[in-house]
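Trainee: Next up is a structure, given as structure tokens.
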Amino acid sequence: GGRRRRGVCRERAVIFVTVGYQMSFDRMVKAVDEWAKRNPEVEIFAQIGPTDFVPQNMPHTKFLSPDEFRIRIEETTLLVAHAGMGSILTAMEMQKPIVIMPRRGDLQETRNDHQIATLRKMVGRPGIRTAMDSSELIDALDQRDDFDRPESIRQSASDELLDHLRAFIHQD
């Protein structure tokens, strides 16, 4: 069912939050949970990873099977994720707008700041919003109706690239 806003029929807002499988990301999940409290009309589901934090304002699970994960992304209108390349590439492949927020090394959320570097490379790309902190994440969620779809990518490498790699590997 769509809803009307500014004369445009919009899809029902469905937000899927994911932190990946290796570690929790409570700072991001807490920010979305607080936003969910102020926006009860928005359907949100979160995959929160191994954590003791229990969101109070949105349904959640620690883990999803790969099939369940893919179904959640297919059904979502907006993905909210850590700045991991797997989440970004999946959003692009499935043409789903995404907001990414990096885990930070100085907060012991990850081993180093590779996610900040990833986020910086994604700034300005269509369909990818970047949030360095919780307040920028909240701003992005408030602007969710104005998101574009990301550029489309293939699920696998091009035949040309694969041929070049095979030739390189099999050279004498």
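Trainee: What is the residue count in the range 19-58 for residues that are part of a loop (DSSP other than H, G, I, E, B) and under 17 Å from the mean Cα position of the chain (by Cα)?
Mentor: So the count comes out to 11.
Trainee: Condition first: part of a loop (DSSP other than H, G, I, E, B), over 14 Å from I100 (Cβ atoms) and touching a residue at least 12 places away in the same chain (Cβ under 8 Å). Now tell me which residues in the range 144-167 satisfy that.
Mentor: Within the range 144-167, D148, R149, E151, S152, I153, R154, Q155 qualify.
Trainee: Could you count how many residues in the range 61-82 are in contact (Cβ under 8 Å) with a residue 40 or more places away in the chain, open to solvent by less than 50 Å² (accessible area, probe 1.4 Å) and not in a loop (DSSP other than H, G, I, E, B)?
Mentor: Number of matching residues: 7.
Trainee: What's the total number of residues in the range 24-57 that are in contact with an Asp or Glu (Cβ under 7 Å, 6 or more places away or on another chain), more than 19 Å from S135 (Cβ to Cβ) and surrounded by 17 or more Cβ atoms within 10 Å (Cβ to Cβ)?
Mentor: Counting residues in the range 24-57 that are in contact with an Asp or Glu (Cβ under 7 Å, 6 or more places away or on another chain), more than 19 Å from S135 (Cβ to Cβ) and surrounded by 17 or more Cβ atoms within 10 Å (Cβ to Cβ) gives 0.
Trainee: Among the listed residues M85, M122, which satisfies the condition of being free of Cβ contacts under 8 Å to residues at least 60 places away in the same chain, open to solvent by 30 Å² or more (accessible area, probe 1.4 Å) and either within 17 Å of F25 (Cα to Cα) or of a type in the set (A, V, I, L, M) (or both)?
Mentor: M85
Trainee: On to the next question. Considering only residues that are modelled with pLDDT under 90 and exposed (fewer than 14 other Cβ atoms within 10 Å of the Cβ), which ones fall in the range 90-119?
Mentor: Of everything in the range 90-119, those that are modelled with pLDDT under 90 and exposed (fewer than 14 other Cβ atoms within 10 Å of the Cβ) turn out to be D106, L107, Q108, R111, N112, A117.
The values are calculated or read from the model by the stated rules, or taken from the named source; none is laboratory data. Quantities reported herein were computed from a predicted structural model and do not represent experimental measurements. Glycine also receives a Cβ, built like all others from the backbone with ideal geometry; neighbour counts cover every protein chain displayed. For the accessible areas, the whole protein counts, side chains as well, though only heavy atoms, and no ligand, DNA or RNA atoms are used. Shrake-Rupley method; radii C 1.70, N 1.55, O 1.52, S 1.80 Å.
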